[in-house]
Every structure is written in C-alpha cells, then in structure tokens.
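Asks: Dropping a structure here in structure tokens format, bear with me for questions.
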Amino acid sequence: MSTFKVDPATGKLQPLGQVPTEKTPRGFAIDSSGRFLIAAGQESHSVSVHPVDTATGAIGTPKRLAVGKNPNWIEIVDLP
C-alpha cells in the first residue's frame, strides 16, 4: 500500500513510501484514535493490523491474523 502525508496548510498529499500488506487488499479502516490501520486481504485470507505513528503518519510492521476465506470488509466500532 502507498502511504501519504497531508500538508495541513494546503491539503496536498506528500508521498511517504510503500508498505507491504495483504494479497488483494479489499477493505481497510483506520481506528478513531488514528493509531491502527487494519487491512483485509481477500486472497491471503488474513487481516493485518498496522501500527501508525501518530506524529509522522508512518506505518509500522503489521501483525497478521488468519480470519477465514475471502475477507473483504473492515468495520471498527468504538465501545463506550
């Protein structure tokens, strides 16, 4: 996946680089704290939880979790 930084003054994107993720990534979401990006890989049958550096936006090394065949949607629900 490609990563970008948003310039707060102009709203323009600045490329940060690329980070490996799941095969055939279908769905992804960033949690409300901005600390984690979760990506579902339809052909890898796994999801990856990528830590996000909130200061720089850099994406860290993911933890992979097998979730069954063809995952394609990520939904994050904040609980009280």
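The values are calculated or read from the model by the stated rules, or taken from the named source; none is laboratory data. Just so it is clear, the structure is predicted and the values come from calculations on it, not from any experiment. So basically every Cβ, Gly included, is an ideal-geometry build from the backbone, and we count neighbours across all protein chains shown.
Asks: Say we look at the range 1-51 and pick out the residues that are acidic (Asp, Glu) and within 14 Å of the chain's Cα centre (by Cα); which of these is nearest to residue 72 (Cα to Cα)? Show your work before the answer.
Replies: To start, the set of residues in the range 1-51 that are acidic (Asp, Glu) comprises 7, 22, 31, 43.
Narrowing the set further to residues that are within 14 Å of the chain's Cα centre (by Cα) leaves 22, 31.
Details: 22: 11, 31: 17 Å.
Among them, the one singled out is 22.
Asks: Give just the number: which of (1) surrounded by 11 or more Cβ atoms within 10 Å (Cβ to Cβ); (2) out of contact with any Pro (no Cβ under 7 Å at 6 or more places or on another chain); (3) free of Cβ contacts under 8 Å to residues at least 40 places away in the same chain does residue 61 not satisfy?
Replies: It fails just one condition, (1).
Asks: Go through the chain and tell me which strands (runs of 3 or more DSSP E), entirely inside it, have 2 or more residues that are at pLDDT 90 or above.
Replies: 13-18, 25-30, 36-41, 46-51, 63-66
Asks: Looking only at the range 1-21, how many residues end up being touching a strand residue (DSSP E or B) at 6+ places or on another chain (Cβ under 7 Å) and closer than 15 Å to residue 51 by Cβ?
Replies: 5
Asks: Would you please list the contacts, defined by Cβ atoms under 9 Å and residues six or more apart or on different chains, that run from a residue in the range 1-16 that is within 17 Å of residue 58 (Cβ to Cβ) and free of Cβ contacts under 8 Å to residues at least 24 places away in the same chain to a residue that is of a type in the set (Val, Ile, Thr) and in a strand (DSSP E or B)?
Replies: If the second residue must be of a type in the set (Val, Ile, Thr) and in a strand (DSSP E or B), the pairs left are 13/6; 14/6; 15/3.
Asks: Looking at the range 10-34, which of the residues that are within 21 Å of residue 66 (Cβ to Cβ) and of a type in the set (A, V, I, L, M) is surrounded by the most Cβ atoms within 10 Å (Cβ to Cβ)?
Replies: Selected residue: 19.
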